[in-house]
1. Does any residue in segment 13-42 that is under 15 Å from residue 78 (Cβ atoms) come within less than 8 Å, Cβ to Cβ, of a residue that is among the aromatic types (Phe, Trp, Tyr) and open to solvent by 50 Å² or more (accessible area, probe 1.4 Å) six or more places away or on a different chain, and which pairs are these?
2. Find all pairs meeting these conditions: Cβ atoms under 6 angstrom apart; at least six residues apart or on different chains; first residue within segment 163-182 and within 13 Å of residue 196 (Cβ to Cβ); second residue open to solvent by 60 Å² or more (accessible area, probe 1.4 Å) and aliphatic (A, V, I, L, M).
3. Report, by residue number, each residue of segment 56-99 that is within 12 Å of residue 43 (Cβ to Cβ) and in contact (Cβ under 8 Å) with a residue 40 or more places away in the chain.
4. Working only within segment 162-184, note down all residues that are farther than 25 Å from residue 8 by Cβ, open to solvent by less than 30 Å² (accessible area, probe 1.4 Å) and either at pLDDT below 95 or not in a strand (DSSP E or B) (or both).
5. So, residue 131, is that one open to solvent by 40 Å² or more (accessible area, probe 1.4 Å), touching a residue at least 12 places away in the same chain (Cβ under 8 Å), in contact with a His (Cβ under 6 Å, 6 or more places away or on another chain) and not basic (Lys, Arg) or not?
6. Filter segment 201-216 for residues that are surrounded by fewer than 16 Cβ atoms within 10 Å (Cβ to Cβ) and hydrophobic (A, V, I, L, M, F, W, C) and give the result.
7. Regarding segment 189-198, can at least one residue be identified that is in contact with a strand residue (DSSP E or B) (Cβ under 6 Å, 6 or more places away or on another chain) and either open to solvent by 60 Å² or more (accessible area, probe 1.4 Å) or assigned to a strand (DSSP E or B) (or both)?
8. I need every pair where a residue in segment 134-148 that is at positive phi has its Cβ under 9 Å from the Cβ of a residue that is basic (Lys, Arg), sequence separation at least 6 or different chains.
Amino acid sequence: PKVQVYETAPGETRLIALDDGTRINLNGASHIEVKMGRRMRQVEMAQAEASFDVAHDAARPFIVTVGEDTVRVVGTEFNIRRDQAQTTVTVRRGLVEVKPTKGPEAPVRLPAGTAYEHADGRAQPTVAKVAPDAAFAWATGRLVYDDQPLSKVVADLGRRFRTPITVDDPAGRLRFTGVLVLDDEAKVLSRLESFLSFTAHRSGTGIRLTLKAKAG
């Protein structure tokens, strides 16, 4: 079967309709490869984030290989985020199986309302109950956080806006809870600055966030 490559630039999202009825919503700065065979439907994800609404087909499992994991489904709705060396799978509908690609471990079965996180090189993934809609909010122009580090927020913003953002380590450890509306990069950063003690430095190459110096 022919391999189809789909890519998005930072700030670009793309809705992909596969010939089986599956829909893939691809976030910015993402790269995936899709191969539709007679016995299997396969997706390979590089650094990417995508939500999948997979058409039910018991004869053709839908397989996603991402990082050190393989995600296997028949028909379901889920979101996969691949950043640096970490994979996160969040299930909103149906049932998903995730298995480390290497090793004899049994697959982890994820019902709706659960998230699977696996850092490369770490033997044990973590599985937690979550409100799954938060993982899909990016598709409606919002980002939802519950006590997440600023470094994760910056990684998400890097997919949505064209101007690169970097964050120094101390500032990256600041924690944020709230909803960000993705209307304009400068406005988003301004709102974040009102909640967290960092300063945004703008230059010709991008924006750098550093911990705000303490007065006195």
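The values are calculated or read from the model by the stated rules, or taken from the named source; none is laboratory data. None of these values were measured; they are calculated from a predicted model. FYI the Cβ positions are ideal-geometry reconstructions off the backbone, even for glycines, and counts take in every protein chain you see. Only protein heavy atoms, including side chains, enter the accessible area calculation; ligands, DNA and RNA are left aside. Shrake-Rupley method; radii C 1.70, N 1.55, O 1.52, S 1.80 Å.
1. As it stands, the answer is none, since no pair meets every condition given.
2. Every condition considered, the pairs that remain are 170/211; 171/211.
3. 62
4. 171
5. Working: open to solvent by 40 Å² or more (accessible area, probe 1.4 Å): yes; touching a residue at least 12 places away in the same chain (Cβ under 8 Å): yes; in contact with a His (Cβ under 6 Å, 6 or more places away or on another chain): no; not basic (Lys, Arg): yes.
No; evaluated as a whole, the condition is false for this residue.
6. Selection gives 213, 215.
7. Yes, segment 189-198 contains at least one residue that is in contact with a strand residue (DSSP E or B) (Cβ under 6 Å, 6 or more places away or on another chain) and either open to solvent by 60 Å² or more (accessible area, probe 1.4 Å) or assigned to a strand (DSSP E or B) (or both).
8. Final answer for the pair search is 141/160; 147/175.
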